[in-house]
Amino acid sequence: MILERCIGSMLLVLSMLSNVLGAYVGVNIGTDVSSIPPASDVVAIVKAHQITHIRLYNADPHMLKALAGSGIEVTVGVTNEEVLGIGESASAAAAWINQNVAAYMPSTNITAIAVGSEVLTSVPHVAPVLVTAMNNLHKALVAADLNFQVKVSTPQSMDIIPKPFPPSTATFNSSWNSTIYQLLQFLKNTNSYYMLNAYPYYGYTNGNGIFPIDYALFKPLPSVKQIVDPNTLFHYNSMFDAMVDATYYSMDALNFSVIPIVVTETGWPWQGGSNEPDATVENAETFINKLIQRVSNNSGPPSQPTIPINTYIYELFNEDKRPGPISEKNWGLLFSNGTAVFPLSLGGPSQITGNSTAVFCVAKDDASEDKLRDGLNWACGQGQANCSAIQSGQPCYLPNNIKNHASYAYNDYYQKMHTVGGTCDFDGTATTTMIDPSKFAQVTDPAYLLEGGVSNPLLSNSSTGRESLPPTALGPISPGGSTKLPLSKIQFLISATCLLVVLL
């Protein structure tokens, strides 16, 4: 019992420390994916990209089990279909908490519950019981002694703010005032936060040309085109900041202040139809990487400069099963094999030139063995790759198959030659990936576990024959990496917490 209380207290301390360490960038993991990898592989991919916070749209048991011991902070979702039953029955709420939260803690670091998704605009008939459902869940958390570790909130769309600009005059749709007032009162009483889904992509594409695209993409604007709130004279460098501020002002109009906002969804599609010209890889890359830089500076919008904007990117993988236009299916940062759609750094500014943006060259899964053999021979011969480590009896010989050996040789060649024009093609048998495969393979490659050798034919970005092991982490870390507490102090706080629990 003491051990369980100690572990619970440690998670609480680490949750508090994550606020001290600064703003974070998390990622949503959707479910409308036709070929999503197994849960264990998804977690390996998340860890390889140094993602410290994820949001699930449900309480998938496979994902929650796979996340155990990872330290990754998890927001679990109550689906829109579940909200009504939980709002009508306190016992249903208690059962949901017991089955989907308490059963996995403290091993899985669940820190929030997102009740529904844009309930007011997507399933308005459920709105009358939304706050009741949240109350029922919170009471169940109190009964399970988890209310200090797990916050309850509900993501809402920007659509409930009809006129978001200028931000200083923004208000919620008056037809929802009663429900929103109850929601804000709940968030204030439980010390929770407002979950906002904010999409500058839609703000721009549905804006009839009012705002320039650079404003939506965090790009600097010339002095003659600065976006200024005429009432406050605040300058808005991005539509993202203006959307967040519009929400703060809307809360203020109902006499609620200093309820923090967490952006639970934002992103930019990287592919669209012929009538969606702004859904491009270039725009998506610009938006995502500038968003990460923006969030990681630990500041808030002009009206609340001291409240960082913690943000979740939509989304990890393309949800190709979603209905609607082509762009709706193409918001993912990664393909389902873990390779990045475009270069990105989810580790924050301090990681932009580090391993998180390194590019690795690997053999394609569907490449023929004959072509792989030709590519391997060329890389180890004319390409001058150092292939000694994949010879029999050497550290990277296992797993002994053509794909792994080719990947080793391809990557060794690419790391040496890409700066002087070398490519990752090898007659169409190779592709680049943003994931350091040596990290990913240590989790997923059974040969590594069974043989005890080097699990993967890949190095990080060297040719020394030594793989780069992933850093261990004690709980969630700041994506910005700029204000980390020394590990010794963290250990002291945890030890002190455990001692206090024992004495009590």
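R0 = 35 Å: FRET efficiency of residue 177 with residue 89, Cβ-based, nearest 0.05?
Working: r = 27 Å, r/R0 = 0.76.
Here the calculated transfer efficiency is 0.85.
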- Can you pull the accessible area of residue 364 for me, 1.4 Å probe, Å² to the nearest 10? 70
- Pull up all non-local amide H partners of residue 27: gap of 5 or more, or a different chain, and H-to-H distance under 5 Å with H placed in the peptide plane. 53, 54, 55, 313
- Using the Karplus equation 6.51 cos²θ - 1.76 cosθ + 1.60 (θ = phi - 60°), what ³J(HN,Hα) coupling, rounded to whole Hz, does each residue of the stretch 388-395 give in order, writing x for Gly and Pro? 5, 6, 9, 7, 3, x, 8, x
- Note on the structure: Per the rule of 0.36 nm per residue minus the C-alpha distance, extending residue 290 to residue 125 adds in nm 55.6 nm
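Are there any trypsin sites (Lys or Arg not before Pro) in the stretch 245-341 that are in a DSSP loop and have at most 15 other Cβ atoms within 10 Å? List them by number. Write down the numbers at each step before the final one.
Details: sites: 290, 294, 321, 329; in loops: 321.
Here the trypsin sites (Lys or Arg not before Pro) that fit, given the DSSP loop and packing criteria, are 321.
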- Among 169-176, 237-244, what's the highest-first ranking by average C-beta atoms within 10 angstrom per residue? 237-244, 169-176
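Plugging the Kirkwood radius over Cα pairs into Stokes-Einstein for the stretch 85-166, at a temperature of 25 °C and a viscosity of 0.890 mPa s, what D comes out in µm²/s?
Numbers: Rh = 13.6 Å.
The estimated diffusion coefficient comes to 181 µm²/s.
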- How many times 2.2 N^0.38 Å is the alpha carbon radius of gyration of the stretch 21-334? 0.97
- The simple spin-label model distance between residue 208 and residue 257, using points 7 Å out along Cα→Cβ, in nm, is 3.5
- Proximal aspartates and glutamates to residue 225, defined as alpha-carbon separation beneath 19 angstrom and excluding residues fewer than eight positions away on the same chain: 214, 241
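Given a Förster radius of 41 Å and the C-beta distance between residue 231 and residue 365 as r, what FRET efficiency does 1/(1 + (r/R0)^6) yield to the nearest 0.05?
On the way: r = 56 Å, r/R0 = 1.37.
After rounding, the FRET efficiency stands at 0.15.
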- Message: Just to be sure I understand the model, the point goes 7 Å from the Cα along the line to the Cβ. What's the resulting residue 306 to residue 79 distance in nm?
- Response: 4.3
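Can you figure out the FRET efficiency of residue 185 with residue 427, using R₀ = 60 Å and their beta-carbon distance, to the nearest 0.05?
Working: r = 64 Å, r/R0 = 1.07.
According to the calculation, E is roughly 0.40.
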- 5 angstrom amide H check on residue 264, placed H, neighbours 5+ away: 196, 197, 198, 312
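Listed here are the pairs 371/416; 139/321; 163/290; 47/163; 364/416; which of them are more than 29 Å apart at the Cα? Could you put the intermediate results ahead of the total?
Details: 371/416 22 Å; 139/321 36 Å; 163/290 25 Å; 47/163 39 Å; 364/416 20 Å.
Checking Cα-Cα distances, 139/321; 47/163 exceed 29 Å.
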- Note on the structure: For the pair residue 377 and residue 148, the simple spin-label estimate (label points 7 Å beyond Cα toward Cβ) gives in nm 6.8
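Write down the accessible area per residue of the stretch 360-439 in Å², having rolled a 1.4 Å probe over the full set of protein chains.
Values: 3770 Å² over 80 residues.
Heavy-atom SASA per residue in the stretch 360-439 reads 47 Å².
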- Note on the structure: The farthest towards the positive end of the charge dipole of the stretch 21-334, of the residues 40, 234, 277, given +1 on Cβ of Lys and Arg and -1 on Cβ of Asp and Glu, is 234
- For the stretch 373-381, Karplus-derived ³J(HN,Hα) couplings (6.51, -1.76, 1.60; θ = phi - 60°; whole Hz; x for glycine and proline) come out as 5, 5, x, 4, 4, 5, 4, 6, x
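The values are calculated or read from the model by the stated rules, or taken from the named source; none is laboratory data. Everything numeric here is computed off the predicted structure, so don't read it as measured data. Using ideal geometry, Cβ is built from the backbone for each residue, glycine included, and neighbour counts are taken over all protein chains shown. With ligands, DNA and RNA removed, areas are computed over all heavy atoms of the protein, side chains included. Shrake-Rupley method; radii C 1.70, N 1.55, O 1.52, S 1.80 Å.
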